[in-house]
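The values are calculated or read from the model by the stated rules, or taken from the named source; none is laboratory data. Since we're looking at a predicted model, the values are computed, not measured. Backbone-built Cβ (ideal geometry, glycine too); neighbour counts: all protein chains shown.
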Amino acid sequence: MTDRVRQILDSYAGESPGVLTSLARLLSHGTLAGTGKLVILPVDQGVEHGPARSFAPNPAGYDPHYHFQLAIEAGCNAYAAPLGFLEAGAARFAGEVPLILKLNNNNSLYSDDDPVSVQTGSVDDALRLGCVAIGYTIYPGSEQSPVMYEQLRSLTEEAKQAGLAVVVWSYPRGSQISAKGETAIDVVAYAAQIAAQMGAHLIKVKLPSAHLEQDAARKVYEAQKIPIETLAERVRHVVQSAFDGRRIVIFSGGGKVDDAQILEQARAIRDGGGFGSIIGRNSFQRPRADAVKLLRAIMDVYKG
Amino acid sequence: MTDRVRQILDSYAGESPGVLTSLARLLSHGTLAGTGKLVILPVDQGVEHGPARSFAPNPAGYDPHYHFQLAIEAGCNAYAAPLGFLEAGAARFAGEVPLILKLNNNNSLYSDDDPVSVQTGSVDDALRLGCVAIGYTIYPGSEQSPVMYEQLRSLTEEAKQAGLAVVVWSYPRGSQISAKGETAIDVVAYAAQIAAQMGAHLIKVKLPSAHLEQDAARKVYEAQKIPIETLAERVRHVVQSAFDGRRIVIFSGGGKVDDAQILEQARAIRDGGGFGSIIGRNSFQRPRADAVKLLRAIMDVYKG
Amino acid sequence: MTDRVRQILDSYAGESPGVLTSLARLLSHGTLAGTGKLVILPVDQGVEHGPARSFAPNPAGYDPHYHFQLAIEAGCNAYAAPLGFLEAGAARFAGEVPLILKLNNNNSLYSDDDPVSVQTGSVDDALRLGCVAIGYTIYPGSEQSPVMYEQLRSLTEEAKQAGLAVVVWSYPRGSQISAKGETAIDVVAYAAQIAAQMGAHLIKVKLPSAHLEQDAARKVYEAQKIPIETLAERVRHVVQSAFDGRRIVIFSGGGKVDDAQILEQARAIRDGGGFGSIIGRNSFQRPRADAVKLLRAIMDVYKG
Amino acid sequence: MTDRVRQILDSYAGESPGVLTSLARLLSHGTLAGTGKLVILPVDQGVEHGPARSFAPNPAGYDPHYHFQLAIEAGCNAYAAPLGFLEAGAARFAGEVPLILKLNNNNSLYSDDDPVSVQTGSVDDALRLGCVAIGYTIYPGSEQSPVMYEQLRSLTEEAKQAGLAVVVWSYPRGSQISAKGETAIDVVAYAAQIAAQMGAHLIKVKLPSAHLEQDAARKVYEAQKIPIETLAERVRHVVQSAFDGRRIVIFSGGGKVDDAQILEQARAIRDGGGFGSIIGRNSFQRPRADAVKLLRAIMDVYKG
Amino acid sequence: MTDRVRQILDSYAGESPGVLTSLARLLSHGTLAGTGKLVILPVDQGVEHGPARSFAPNPAGYDPHYHFQLAIEAGCNAYAAPLGFLEAGAARFAGEVPLILKLNNNNSLYSDDDPVSVQTGSVDDALRLGCVAIGYTIYPGSEQSPVMYEQLRSLTEEAKQAGLAVVVWSYPRGSQISAKGETAIDVVAYAAQIAAQMGAHLIKVKLPSAHLEQDAARKVYEAQKIPIETLAERVRHVVQSAFDGRRIVIFSGGGKVDDAQILEQARAIRDGGGFGSIIGRNSFQRPRADAVKLLRAIMDVYKG
């Protein structure tokens, strides 16, 4: 156990030894073990966007075993996926990489301006599959967000009692938020705060833009001159908004970007005090060797 | 136990011995025992379409015993039906054919553009009746799909704990999907993926057409040149979309077609790597001898 | 135990000895004991239509004891009523007549084109009151039918575990069904099938008219030349639609008709293979002696 | 135990000794002990109408102790109130007056044409506070009435298992009932029947007017010449509608009226066979001495 | 234990020793220990308004430890916050200040004219974190208030069984209440009454204005000449409306005001018989030394 990991765990003082152990396993696995940084492989796009849009660019990804192998080979801290994908490989790859069971999912065969993500797995499933954590998506801003908040609350309580860590995907979305607003710095910071207040151990948000969405917030950002010009500044503000660094915040880039940009984003995350990256489509949608190369390059940034 | 069955069960490594036993029983019964292929007799049309539309063409089918006898005589791998039909014969035909209790049903006395299928049986009912599996229908694309996803999730967890297999009928339907889109290749593949991600052991979908429904999907199918011209190619793509062959996918033809077409469909399913057929109206709506003859001809295709 | 009763119980093979005992008690009580036919007295109109509309024509009926006495004196197989009416006499008349606790009720102080019937009693209440069965109304065709189906499913499971029989009132009603359609032969047969598939032991439907409501059904009735001209033919078709005689189907006449008509209906039910009548308003809304006389005349038809 | 109380309890034969004991305590307390008549003090107006509208006319009523003292001093059979009011005095006045915990309440900060009354206490609360009964309001006629019926059903079952009596406030209200119709004789009689059928031991309704609200009912009232001209006749009809006198029915006068009218109403209740009065605003909104005087005058009518 | 504390606890006679102990701890901690007065630090604005609007004015407040330290240094009776904030410091500051876990929260990424506050913590969480009380917000007047009332009822029952005190934030809000009406004296008094009737031990309301919102109430205020001109008079009326002083009522000033005003408000609360203040934004949004100074000045008013 490195000092840095101990220091991070210290922010979670009060959690049970079981939860602390799960957090320690996440922080002590793979290439970034012990650094306090994380690179996680998430693969829930099969449900979210459909199989062809997700896996046709690199058909190896249709096979659930592929993603376990990719996460292991690249030295990721963890692999996160819905029930089916984990069930199809958890026995074969038992103990080789920490697993995060994504407990809810949305699909695009029906779309709603105020979306809800539906529970598709349980805490008992996570335990049965040997996971270290549960994952759950909330859509702050959706009219249906109360449904997700109540379910997350209940699952979080159950997970903590079972010694599992809780990872919250906090994605603002809804009829009162503009498309641009979904990644606005005020909205992303707000989403991080909500996840933290709900008891999340790890928080995943999108990299924020410099846009300010809410009028009431804009006044404060301007009055207090909160620095949000560079990506690193914005990362810093989000980390600050999640209990001033006392909660692990990791970032996703979202859509497809080129490798130079991804590495630049990783450097901004690092410089802004972020805890790491969650890299889905930019890893499993390219040939395995390329994906491993990119993931290691990202890890090098964090080790740097 | 044949090698092929062992190979298939290997894809379900991690499931409990109870679940593996149920899957093995399905794969080791009837004419196709041990081949890794399945022909299943489903009879839920009495509820779905009403008794006269279902059974008047062959009035023997009003009697619940008839379908047990048909499935046994034809050597089907299993017989699937709602609670009432199974209750009315499970004692009389105990142990003669594996049973699948269909846990939800829809009827056509009320129709909704965004339909829901309602729970009409339980896991305890399935155990009480000696079943090897539960069956459950989801309508991906329906505004009410969250209700079914949550119920399927919960029933799946309960079934697995009881050592039962889980068969999911995945039928896209809803206000955002066109009639043609319900069997579009992109939509059917998506439906198979959703069922697999939700933890289904067997997935039943309709035979897909070459139509592409969703714009975002069409771009990928065209860019990646996914072969979907022949039925066998489309079957192959659906099987690939259900964890690249690691999940059993079976197909129904839907409406009434002539026997030549049915056998041609079976050959396409076989050639595309599908695991078999589920044949309802095309079997029980004709005289018993004819039905047995057709079912055996289909099985011959799969044994071929 | 007569052969006929044994024969009927044989259709319920697989049910627990407790359930079989309850069915046997229904079939072995009163004037029609052992004949395989039933005449049941139902009194839920107090809730459904209000007290004055129900009981003012024969004010003795305001008193809950009256209906116990009427059912006993007339030799009915059973008396069915909501919680309050049974609670008010079950101790006083304990063991004198089999009781059916009607577990849900609707009232006419609020009316909805897509109605729901609300639970007003429980399986535990039925046990506490010494009942042999629960009764439950579904409105197939109502937009709210899923609420009733799910509740019936759950109560049926609980009742069977407790050794109680399950009687389902299956009354098509809803915004997509015309007034005439509520008693159309295709719709009534469909309603009987739904109740049977949901696991009902006894099914109560209205006497069907020769009207055909659904286009898809009409084509089949015409193509298959299903005989529905006489009432006896229609009764036969409904009984066939409820598992070809393997489920007990009884009929109500609905509104007020004259005695000659009631007896004619009973003869049609008998000739069509129906299992009996449920006679509410036509019995308790007339003086007791008249009611007993009519009920016995009906029983004579069935004994004939 | 007087003969009259034994006679009333006889109507509840079949209830557990615990419930009979609770009913006996209600009937054997205060000035009217043993007479079979009841005068109950209800104070839920603080929630229903707000504190100032309820208590400003006699500010002593802001204090929860006041109502206990008033009920005790006046010799009421029981005091009924929501959770907070009972919690604030149940220890101080333990054993001095039977208590009824009102388990649901509505307030006037939000009003709905189809109102619902919300649960604010539990059966366990009633037991903890030493109550003899629970109270519950239903609004027959409201689109939301199913919510209340289901909750009442469940609470009634739980209360009876705990040996508590069940008092139902049955107040017709909803978008399909006119303001005048809320106290129409047909509607009030119907509301009493519904409460009785749901298993209520005591039923509280408003004093009915001679108005007839529902067309279907009016025909019967006219055809059968049901006498509803005088208040005593209407009381008699309501009592008849609640199981012909086998259920305790008590009446409230509603709004503020002068003392002569209140006493006249009491005489009509007595003459019509009603079981007593529930007097809220007309008692606690006047000085204590006046209230005690009025309540005793009412009791004198019933003792007469 | 001072006489004043004993006197207050006497109003809660009937509560369990566990609840009385929790109340005693609240009343016996900090600068105002034993005086019967309370100053509480609440920090739920991070969720309610977002992190920047809450903490940017004094960035130390992003850190959850800060608020513990502020409450301890200033000698507050308690610190109230949502799950995340308490989890992040409860171990580090165990036993140093009584904690109130705020069990529900609303955020401003979605706003509704009839808002609901969503459960984000549980009674078990409160016990796990060593809290003395739960906190819960209701919005009387919201169409969604029934959801909150039912949840509060259930949580209150559970909390009392666990020996925790119950603090209710009662904030009228909804489509039938004007913006001005949310702090109208009639509406605030009504909100206090509702909280008291629901079983709250401590009630938090906003300082009321002299505005009268509801017509039915205005008539009574005018007829009865209820004094509401000065703030102290209005405080007195609200305290009277919460069981005439038998329930602890504390007040928040709401938006930002200058220090002179805050102290003047405190004097009015004291003079009107209020039990204290809950000071959020006016304390944690200024530098720590200033905040401590202000809080102590407020406490001096109450000690005075």
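Residues of the stretch D:112-135 that are at the interface with another protein chain (Cβ under 7 Å from one of its Cβ atoms) and under 15 Å from E:PRO140 (Cβ atoms): D:VAL116, D:VAL118, D:THR120.
Taking the options C:ARG153, C:ARG173, name whichever one is within 28 Å of C:PRO17 (Cβ to Cβ), crowded, with 20+ Cβ neighbours inside 10 Å, touching a residue at least 40 places away in the same chain (Cβ under 8 Å) and not aromatic (Phe, Trp, Tyr). Break it down stepwise before answering.
Working: C:ARG173 fails: within 28 Å of C:PRO17 (Cβ to Cβ).
The unique qualifying residue is C:ARG153.
When the stretch B:43-68 is filtered for residues that are within 17 Å of B:LEU101 (Cα to Cα) and polar (S, T, N, Q), only B:GLN45 remains. For the stretch B:59-70, a tally of residues being within 10 Å of chain C (Cβ to nearest Cβ) and not hydroxyl-bearing (Ser, Thr, Tyr) returns 6. Scanning the stretch C:178-201 for residues being part of a loop (DSSP other than H, G, I, E, B) and out of contact with any Gly (no Cβ under 7 Å at 6 or more places or on another chain) gives a total of 4. Residues in the stretch A:6-19 that are within 19 Å of the chain's Cα centre (by Cα) and assigned to a helix (DSSP H, G or I): A:ILE8, A:LEU9, A:VAL19. Select from the stretch A:94-126 the residues that are assigned to a loop (DSSP other than H, G, I, E, B) and of a type in the set (Asp, Glu) and list them in ascending order. Across the stretch A:94-126, the qualifying residues are A:GLU96, A:ASP112, A:ASP113, A:ASP114. Of everything in the stretch A:94-111 that is within 9 Å of another protein chain (Cβ to nearest Cβ) and not hydrophobic (A, V, I, L, M, F, W, C), the residue that is nearest to B:GLN144 (Cα to Cα) is A:TYR110.
Residues considered: C:SER175, C:SER252, C:SER241, C:SER209. Of these, the only one that is of a type in the set (S, T, N, Q) and at pLDDT below 95 is C:SER252.
In the stretch A:28-58, the qualifying residues are those that are within 14 Å of chain B (Cβ to nearest Cβ) and among the β-branched types (Val, Ile, Thr), and the one that is nearest to B:VAL238 (Cα to Cα) is A:VAL47. Would you confirm whether or not the stretch A:202-223 contains a residue that is facing chain E (nearest Cβ under 8 Å), surrounded by fewer than 24 Cβ atoms within 10 Å (Cβ to Cβ), touching a Leu at 6+ places or on another chain (Cβ under 8 Å) and assigned to a helix (DSSP H, G or I)? Yes: one or more hits. Of all residues in the stretch A:241-268, those satisfying the criterion of being small (Gly, Ala, Ser), touching a helix residue (DSSP H, G or I) at 6+ places or on another chain (Cβ under 7 Å) and not in a loop (DSSP other than H, G, I, E, B) are A:SER241, A:ALA266, A:ALA268.
May I ask you to verify whether D:VAL168 is within 18 Å of the chain's Cα centre (by Cα), closer than 16 Å to C:LEU109 by Cβ and touching a residue at least 12 places away in the same chain (Cβ under 8 Å)?
Values: within 18 Å of the chain's Cα centre (by Cα): yes; closer than 16 Å to C:LEU109 by Cβ: yes; touching a residue at least 12 places away in the same chain (Cβ under 8 Å): yes.
So D:VAL168 passes the test.
Given the structure, is C:ARG6 within 12 Å of chain D (Cβ to nearest Cβ) and farther than 15 Å from C:LEU129 by Cβ? Criteria not met by C:ARG6. Look at C:GLY274 and say whether it is assigned to a loop (DSSP other than H, G, I, E, B), under 19 Å from the mean Cα position of the chain (by Cα) and at pLDDT 95 or above. Here the answer is yes, as C:GLY274 does meet what is asked.
Entry remark, the stretch C:149-175: residues being in a helix (DSSP H, G or I) and facing chain B (nearest Cβ under 9 Å) number 9 in total. Of all the criteria given as (1) without any contact (Cβ under 8 Å) to a residue 24 or more places away in the chain; (2) in contact with a helix residue (DSSP H, G or I) (Cβ under 6 Å, 6 or more places away or on another chain), the one not satisfied by D:ASP215 is (2).
Scanning the stretch C:127-148 for residues that are assigned to a loop (DSSP other than H, G, I, E, B), within 23 Å of D:GLU157 (Cβ to Cβ), in contact with a Ser or Thr (Cβ under 9 Å, 6 or more places away or on another chain) and among the small types (Gly, Ala, Ser) yields a count of 0.
How many residues does the stretch E:10-22 hold that are over 11 Å from E:ARG246 (Cβ atoms) and aliphatic (A, V, I, L, M)? Please lay out each step first, then the result.
Filtering the stretch E:10-22 for residues over 11 Å from E:ARG246 (Cβ atoms) gives E:14-22.
Then drop every residue that is not aliphatic (A, V, I, L, M), which leaves E:19-20.
So the answer is 2.
Here the stretch D:31-52 is the region considered, the condition is being buried (at least 24 other Cβ atoms within 10 Å of the Cβ) and out of contact with any strand residue (DSSP E or B) (no Cβ under 6 Å at 6 or more places or on another chain), and the residue that is nearest to D:THR2 (Cα to Cα) is D:GLY46.
Taken as a whole, the condition of being farther than 23 Å from B:SER122 by Cβ and within 13 Å of chain D (Cβ to nearest Cβ) applies to C:ALA91. Annotation note: Cβ proximity below 6 Å between a residue of the stretch C:136-149 that is crowded, with 24+ Cβ neighbours inside 10 Å and a residue that is among the acidic types (Asp, Glu) (sequence gap 6+ or interchain) occurs for C:SER142/C:ASP114. Within the stretch D:53-84, the set of residues being part of a helix (DSSP H, G or I) and of a type in the set (Asp, Glu) comprises D:GLU73 only. In the stretch D:71-80, of all residues being buried (at least 24 other Cβ atoms within 10 Å of the Cβ) and either over 20 Å from D:MET299 (Cβ atoms) or out of contact with any helix residue (DSSP H, G or I) (no Cβ under 8 Å at 6 or more places or on another chain) (or both), the one that is farthest from the other protein chains (Cβ to nearest Cβ) corresponds to D:ALA71.
What do you reckon, is D:LEU86 touching a helix residue (DSSP H, G or I) at 6+ places or on another chain (Cβ under 7 Å), touching a residue at least 24 places away in the same chain (Cβ under 8 Å) and more than 7 Å from every other protein chain (Cβ to nearest Cβ)? Walk me through how you get there before you give the answer.
On the way: touching a helix residue (DSSP H, G or I) at 6+ places or on another chain (Cβ under 7 Å): no; touching a residue at least 24 places away in the same chain (Cβ under 8 Å): yes; more than 7 Å from every other protein chain (Cβ to nearest Cβ): yes.
So D:LEU86 fails the test.
Take the residues of the stretch B:244-264 that are under 17 Å from B:LEU38 (Cβ atoms) and hydrophobic (A, V, I, L, M, F, W, C): which is surrounded by the fewest Cβ atoms within 10 Å (Cβ to Cβ)? The qualifying residue surrounded by the fewest Cβ atoms within 10 Å (Cβ to Cβ) is B:LEU263. Of all the residues in the stretch A:183-200, those that are facing chain E (nearest Cβ under 7 Å) and either free of Cβ contacts under 8 Å to residues at least 40 places away in the same chain or touching a His at 6+ places or on another chain (Cβ under 7 Å) (or both) number 3. Scanning the stretch B:20-52 for residues that are part of a helix (DSSP H, G or I) and either in contact (Cβ under 8 Å) with a residue 12 or more places away in the chain or of a type in the set (Phe, Trp, Tyr) (or both) gives B:THR21, B:SER22, B:LEU23, B:ALA24, B:ARG25, B:LEU26, B:LEU27, B:GLN45, B:GLY46, B:VAL47, B:GLU48, B:HIS49.
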